[in-house]
Amino acid sequence: MPEYQARQTIGELLDRQGISRRAFIKYCTAMASLMALPPLAGRAMAEQLRAARRPSVIYLSFQECTGCLESLTRSFSPSIENMIFNVISLDYDDTLMAAAGHRAEAARDQAMKANYGKYLVVVDGSVPTADGGIYNCAAGRTAVDILTETAKGAAAIVCVGTCSSFGGIPFADPNPTGARPVSDLIGDKPIINVSGCPPIPEVITGTLLQFVTTGQVPDLDEHRRPKVFFGNTIHDRCYRRPFFDQGKFAKTFDDEGARNGWCLFELGCKGPTTYNACATTKWNGGTSFPIESGHPCLGCSEPGFWDKGSFYAALSTGTFGRAGNLTPRDAAKLGGAAAATGIAVAAGATALARHRRKVRMTDIQTADTQKEE
Amino acid sequence: MDLLQFARGPALKFALIVFCFGVLWRLTAVFLLRHERTLSEPRHPVFRALMGGLLAAGSRSAPHREFIRRTGYSEALGYSYHIGLFVVVLAFGPHIAFLKSLFGVSWPALPNNLVTVIAALTLTLMLAVLLRRLTHRVLRLLSNFDDYFSWFITALVIVTGLMASTHFGAPYEQLLAWHILSFDALLVWFPFGKLMHAFYIFPSRAINGYALARKGASV
């Protein structure tokens, strides 16, 4: 970030760009509403932000599919342009930045040096640790090296997506690259997990904005996710919840229940155990979310979601084997084998008992005969 | 692996194996028991004796008119909570999904709120049954650990199920894990305790009925 910009407050920058105070308050009120803050918080947020300096943000991409960044760039409120130009200074992001090669790495070094102890690190993707971390390298250095070095001077780390938060898909069994979440590798910095595959764009920008506004880590749940966005399950806020309560379930994707919009629990919906804002914030500027499109929730914002059995098996069914669910065939095999063993053991024990009784009776008879003689 | 994964995965698998093994072991052992030869002349042909057995299996389930004043309360309690248990197990959507995963068949569910109310009533009736067992002098003398533990494990499954369906006391995933774990424990205990009566009750009545009918008794 150029020095003149680092010294500038967000308010000065907005004035320079001709963005009115009124427009900025409107924007902050929308953000406050998104974060379920009281109505007056929008004004307070605007005042605070105007006086604050734009924080430097370093965005690191590791083992990921770029879906999280794709999601972020489709944020409607605030838009990513708004975020980058008005609220944060995105000093390094190897996917979005124009620079490449050593110039890009130099930008990261410069941002770290100029804002040591103050910059935010956003991490996208899990970190491979197997075989010396060789499965993800940039500029000849491993992801572990880059993360460790960048995290040293960070004010906080925001993990965007389930991969950086909990390991995600690279972490799934058998995890050939030894993928680890950031929280396994960095222990001395505040970490905020914004999980999801991908996370909701407004949740990413909202979390960043909240940190910039207050300068503090928001209230987090046990998985270090902001409670304001991850406080409720999808099921709690799902518009199909009344059908669950009425015991009306879609059994297949094209039956009457599915056409009537009934609950997708029996089709494997993981909404009851998934904490996220999909049912309230929704996607594509609040258009809809997966359940609204007729597909069960996959539970993508939860740790280990890839290894919790089939996406299409109800939560009340068993999960057996490697990411597999119990089927009638498995049940028949399992039950049949156990039952056959039970029968064999019982038959064996009975035969043994009868044999012993027979031997005992013979002994008694022999003894009686001998006595008589 | 979190608690819910453990409950739905290895714990459930182990419990189902023990249940199938134990039930078949107990049933086979009873059917292979050595029976004394009946030396009396049969008063009825085999078919009629068999029909007598089937009749006894049903007729012994109805309260005896002569003792209704003395046994009516306990029989009403017993029938009510057993019907409640059947409704809760067989008419709750998530349970039907579980049974479908085992047997491949499903049927319509009752409204969840209705099943929740029935479960609460069932639990209340079970408490009344326990109270009777504790206060009835003869019944108390006849009761042992098996009676109390079988009651406890059944009630535990209902309590955790009620907590899960009403989201009471802990996050849903934890409550669901406790509920499935308590069910796993019930499956493991089932073949080795008095819960096994579910498999024994009708065959034993039928066998008694058959023996009596063979001897010419009216069943």
Handout entry: Magnitude of the charge dipole, the stretch A:331-373, Cβ model with Lys/Arg +1 and Asp/Glu -1, debye to 20
Key = 320 debye
Exercise for the section: Could you work out how far apart the two model spin labels at A:ALA98 and B:THR124 are, taking each label as a point 7 Å from the Cα in the direction of the beta carbon, and quote it in nm? Expected result: 7.4 nm
Problem - Percent of C-alpha pairs per 20 Å bin, the protein assembly as shown, short to long - result: 16, 38, 26, 14, 6, 1, 0
Practice task
Calculate how many DSSP beta bridges within the protein assembly as shown are antiparallel, expressed in % of all such bridges and rounded to the nearest 5.
Solution key: 40 percent
Exercise for the section: With the cut-off at 20 Å, report for the stretch A:3-230 the share of all Cα pairs above it, as a whole percent. Expected result: 58 percent
Problem - Between the stretch A:124-154 and the stretch B:155-219, the Cα center-to-center distance that results, in Å - result: 54 Å
Practice task
Send over the semi-axes of chain B's equivalent ellipsoid, whole angstrom and largest first, taken as the square roots of 5 times the C-alpha gyration tensor eigenvalues.
Solution key: 36, 22, 17
Practice task
Can you put A:LYS248, A:LYS371, B:LYS194 in order of Cβ neighbours within 10 angstrom, beginning with the fewest?
Solution key: A:LYS371, B:LYS194, A:LYS248
Practice task
In square nanometres and to one decimal, what's the mean projected area of the convex hull around the Cα atoms of the stretch A:19-61?
Solution key: 4.0 nm²
Problem - Cα-based Rg and Dmax for the stretch A:85-184, where Dmax is the largest Cα-Cα distance (Å) - result: 13.9, 43
Handout entry: Percentage relative contact order, the stretch A:236-325, counting C-alpha pairs under 8 Å, at least six apart
Key = 26 percent
Fill in the blank from the handout: Treating every alpha carbon of the stretch B:48-116 as one equal point scatterer without solvent, the Debye formula yields log10 I(q)/I(0) values at q = 0.17, 0.20 Å⁻¹ of -0.80, -0.85
Problem - Inter-label distance, nm, simple model (7 Å from Cα along the C-beta direction), A:ARG141/B:ILE83 - result: 7.4 nm
Practice task
Round to the nearest 0.05 the FRET efficiency obtained for A:SER293 and A:ASP236 when R0 = 22 Å and r is the Cβ-Cβ distance.
Solution key: 0.65
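Would you please give the FRET efficiency between A:THR214 and A:ALA114, computed as 1/(1 + (r/R0)^6) with r the Cβ-Cβ distance and R0 = 25 Å, to the nearest 0.05?
0.65
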Practice task
Multiply the residue separation of A:THR73 and A:GLU149 by 0.36 nm, subtract the distance between their alpha-carbon atoms, and state the gained length in nm to one decimal.
Solution key: 24.7 nm
Completion exercise
PRE zone check, label point 7 Å out along Cα-to-Cβ of A:LYS189, amide N under 15 Å, scope the stretch A:101-138, hits A:108-127
Fill in the blank from the handout: Taking r as the C-beta separation of B:GLU41 and A:MET361 and R0 as 25 Å, the FRET efficiency to the nearest 0.05 is 0.40
Completion exercise
The alpha-carbon pair-distance distribution computed for the stretch A:331-373, with 10 angstrom bins and whole-percent values, is 26, 25, 19, 15, 10, 4, 0
Exercise for the section: Calculate how large, on average over all directions, the projected area of the Cα convex hull of the stretch A:236-325 is; give the answer in nm² to one decimal. Expected result: 5.8 nm²
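Coordinate-derived values only; no laboratory data. Quantities reported herein were computed from a predicted structural model and do not represent experimental measurements. We place every Cβ from the backbone using ideal geometry, glycine too, and count neighbours over all the protein chains shown.
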